[in-house]
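> Provided herewith is a single structure, encoded as structure tokens, for subsequent inquiry.
The values are calculated or read from the model by the stated rules, or taken from the named source; none is laboratory data. If you're wondering where the values come from, they're calculated on a predicted model, not measured in any experiment. Cβ placement follows ideal geometry from the backbone for every residue including glycine, while neighbour counts extend to all protein chains displayed.
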């Protein structure tokens, strides 16, 4: 490839960076709070709630993300053509538009849903570990000082949990950057998609190499960001 | 003398293991009580029942004349909460909030729980820190302090809510002997100011010198209670003498 072609390719791929970042950003936006809720549900004293949550986490962590993406994506068309589908659900699903621009929106939403459900399970396990690592004495001290349960959680426990879960979460988040490439399997137009396409056009490995550099740079930036955050939070032990 | 604490026939078991069998005692205003006894005698459990960290199985407890536990069981949550705010507890391992500065450790509860004005709470916290000799440490984090300093902060934190009665659960057990002195000095000062205190301790010299009354516990019962001169003197029961002899060795 000539220098000019490489530059052209770079600018082209840059346009596909946005969809990658969009999937990445929205997954984090939803998966982190959901993960916290799932963690609390798993620690819930009501046994059936805890068991169901455990089952959910087991399935999400026990099956490939790619499989989950495909299942979620095809769930709507498959369910509504299924004879056993309840009427109200079919009516609901019939409202979902799968063609044209609406189809693109549908695709993004379904891929996002799969990512969020999967990543929330991983975050939940990290958060649960973090919450359980807080010494009982912190709850007792807070209780003695009259803090309510809610106040104790948000003022005393959560800030300490955040610090504890950052190393494990950063691992997960860096993995997520690279996992966004799985959306390529559904035809979602992100970096991997364009790289594969340009590879055929140019009969060259350069587009794939360039995609690798994109992921590498994003992962490295995140690594730097997290080591900065860890340093920021090291003012207490 | 007003009764600050009345405990009658208090009982508590962990599973099949009875930890408190039949505890009865009273504490008057301004009294300093030292609770001593061998490990596993139920001292800490007693303190935890009095501060609502554990729920007793039976008996009655009244704090400042307010019934907390009666023969009919515990009072409702609102009453318990009111009573809890009248009691303070200083833990063996401090349990300071590591993510807050010393100052915020002290002001957090007055501001968030009692809804005090932040500036006023900070002013009071600084006064307490001055009293503890830790004025310069207001902006430090707990991990930057020595054990003795941390324990003094935790005393200040408990005092910030102006409790009527202050409980100490082996406040010097996690400290070097050298640092123990600074905590004992603080407790002595509080005693001089008329603070009502119940202190579970292994510091016998302290129990002898500061306490108005000493309670000796073993096997979940109060074996003997009385003035220090009685328990540390010739008239004490053989069991108490035997226990104390081990400490003076």
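> What are the residues in the range B:68-98 that are within 13 Å of residue A:138 (Cα to Cα), more than 7 Å from chain A (Cβ to nearest Cβ) and crowded, with 22+ Cβ neighbours inside 10 Å, if any?
Across the range B:68-98, the qualifying residues are B:90, B:94, B:96.
> As an exercise: evaluate residue B:125 against (1) closer than 19 Å to residue B:190 by Cα; (2) at pLDDT below 95; (3) within 14 Å of chain A (Cβ to nearest Cβ) and give the number of the one condition it does not meet.
Tallying (1) closer than 19 Å to residue B:190 by Cα; (2) at pLDDT below 95; (3) within 14 Å of chain A (Cβ to nearest Cβ), residue B:125 fails exactly one: (2).
> Also, quick follow-up: I'd like to check which helices (runs of 4 or more DSSP H) are fully inside the range A:72-167 and have at least 3 residues that are away from chain B (no Cβ under 14 Å).
Values: elements: A:87-94, A:100-132, A:136-144.
The helices (runs of 4 or more DSSP H) meeting that bar are A:87-94, A:100-132.
> Output the residue which, of all residues in the range A:213-237 that are part of a helix (DSSP H, G or I) and loosely packed, with under 11 Cβ neighbours inside 10 Å, is nearest to the other protein chains (Cβ to nearest Cβ). Give the steps one after another, and end with the answer.
Taking the range A:213-237 and keeping what is part of a helix (DSSP H, G or I), we get A:213-235.
With the extra rule that they be loosely packed, with under 11 Cβ neighbours inside 10 Å, the set shrinks to A:224, A:228, A:231-232, A:234.
Numbers: A:224: 24, A:228: 18, A:231: 15, A:232: 12, A:234: 10 Å.
This residue is A:234.
> Can you name the condition, by its number, that residue B:206 falls short on among (1) buried (at least 20 other Cβ atoms within 10 Å of the Cβ); (2) within 14 Å of another protein chain (Cβ to nearest Cβ)?
(2)
> Which residues, taken from the range B:53-70, are out of contact with any helix residue (DSSP H, G or I) (no Cβ under 9 Å at 6 or more places or on another chain), under 19 Å from residue B:221 (Cα atoms) and not in a strand (DSSP E or B)?
B:57
> Please work out if residue B:134 is within 14 Å of chain A (Cβ to nearest Cβ) and in contact (Cβ under 8 Å) with a residue 12 or more places away in the chain.
Details: within 14 Å of chain A (Cβ to nearest Cβ): no; in contact (Cβ under 8 Å) with a residue 12 or more places away in the chain: yes.
No.
> Inspect the range A:53-64 for any residue being under 23 Å from residue A:171 (Cα atoms) and in a loop (DSSP other than H, G, I, E, B) and give the result as yes or no.
yes
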